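Notes to accompany the following structure.
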Amino acid sequence: MKISELIERLGRTVFEAPFGATAQVMGDSPEVAEIRIAVLDEVKKKIQRAGGQALFPYNVVRIQIRAAAGEGAVFERDFFRRFFDEEVRKGLSKEACRFPEDLRVEVRTTSDEGKWLRIETLAEEAAPPTEEVPRARRTARLVVAAGTANKSEIPLLKTRTNIGRLSDVYKSEGLSRRNDLAFAEDNPINRTVSREHAHIVYDKKTGEYRLFNDRWYKRGDKAENNCGLWIVRDGMGQEVHRDTRGTRLLPGDEIHLGKAVIKFQIK
């Protein structure tokens, strides 16, 4: 059969009508019916049975039609593919056959000599998910508003920024922590800051800065009533207790470490 004859028989209605009308015209065409039967026969041959259940393990049905130059583009239009996609799914459902959710029909044309119609079934691996693009980092900084620290302000350039009383915190095993913002000078305000008081983490995925409480106290103890770390936002105080989630910081937040205060600013 010549493809040019099929195009002529289908007529312009097929290429200009809405999909519903197009599908009806195509279904009534003996030439399209011939392709449909060939596709469904090939699909039926590939159905596998196991444990009394029918399974079509392929997620691609490829229809390849031989066409002369200038005729192939017609069959690669979306309405032609959708027609056979629907027919394949209906045929498999009629056989009570399970099939992959990503099953699709591809229609391709070739000018190579050989059979005018070829049907292939393939099992293709799904494309790996695209990596989430990290959000552009907004410049943030801490500005000391009460207390005396080693720096009056620091930019938040690292993933984690430590805040505490001393620059270097030692335990029996040796150096355990280095604070980026340290309130080491001896004065009444600084004495209310713990050696390992808090830290701020930048989340690359969400673009958030989160504040964590590093002070040691037990839940249920009287010390919990004074966790020693809170933020003031819009005139209201919010305690930041020791947990694994931390508290999201917003521009303008005041961070209170005992009586020391630092402001969180972001552009």
Q. Just one of Ile189, Ile266, Ile262 is modelled with pLDDT of 95 or more and surrounded by fewer than 21 Cβ atoms within 10 Å (Cβ to Cβ); which is it?
A. Ile189
Q | Unique match (being touching a helix residue (DSSP H, G or I) at 6+ places or on another chain (Cβ under 7 Å) and of a type in the set (A, V, I, L, M, F, W, C)) among Ala260, Ala198, Ala182 | A | Ala260
Q) How many residues are surrounded by fewer than 16 Cβ atoms within 10 Å (Cβ to Cβ) and either in a loop (DSSP other than H, G, I, E, B) or of a type in the set (Phe, Trp, Tyr) (or both) when one looks only at the range 168-183? A) 3
Q) Under the condition of being within 35 Å of the chain's Cα centre (by Cα) and farther than 19 Å from Ile231 by Cα, which residue from the range 135-154 is surrounded by the fewest Cβ atoms within 10 Å (Cβ to Cβ)? A) Ala136
Q: Search the range 54-79 for residues that are within 21 Å of Ser111 (Cα to Cα) and pair each with any residue that is modelled with pLDDT under 80 and among the charged types (D, E, K, R) when their beta-carbon atoms are under 8 Å apart and the residues are at least 6 apart or on different chains.
A: Arg66/Asp112; Arg66/Glu113
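The values are calculated or read from the model by the stated rules, or taken from the named source; none is laboratory data. Given the structure is predicted, the values throughout are model-derived calculations rather than measurements. All Cβ positions, even for glycine, are placed from backbone atoms using ideal geometry, and neighbour counts span all protein chains on display.
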